[in-house]
């Protein structure tokens, strides 16, 4: 069986990776040393939909986003949608 050339393999990987993020997302990620600003940022991002529908945002999330300088697509909520953690 013939092996796949390294160039073809790299093109395939690049093509798959490019399909996972928009140009704006790649630009955001290139401007930061990590994918998330903190563990809280990562947890928040994983529990909320990428498109911002059905957001779950607490006052602690809002404060952490300000203090830790979160980046990425902002989730906008109305004041009545912000919940208080128990």
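The values are calculated or read from the model by the stated rules, or taken from the named source; none is laboratory data. Keep in mind that what you see is a predicted model, and the values were worked out from it rather than measured. Heads up, the Cβs are rebuilt from the backbone with ideal geometry, glycines too, and the neighbour counts pull from every protein chain shown.
Go through segment 35-63 and count every residue that is surrounded by fewer than 12 Cβ atoms within 10 Å (Cβ to Cβ) and modelled with pLDDT of 85 or more.
Result for segment 35-63: 5.
Residue check: is residue 9 outside any loop (DSSP other than H, G, I, E, B) and over 12 Å from the mean Cα position of the chain (by Cα)?
Details: outside any loop (DSSP other than H, G, I, E, B): yes; over 12 Å from the mean Cα position of the chain (by Cα): yes.
Judged against the criteria, residue 9 is a match.
Hey, does segment 22-30 have a residue that's in contact (Cβ under 8 Å) with a residue 24 or more places away in the chain and either farther than 12 Å from residue 71 by Cα or in contact with a helix residue (DSSP H, G or I) (Cβ under 9 Å, 6 or more places away or on another chain) (or both)?
no
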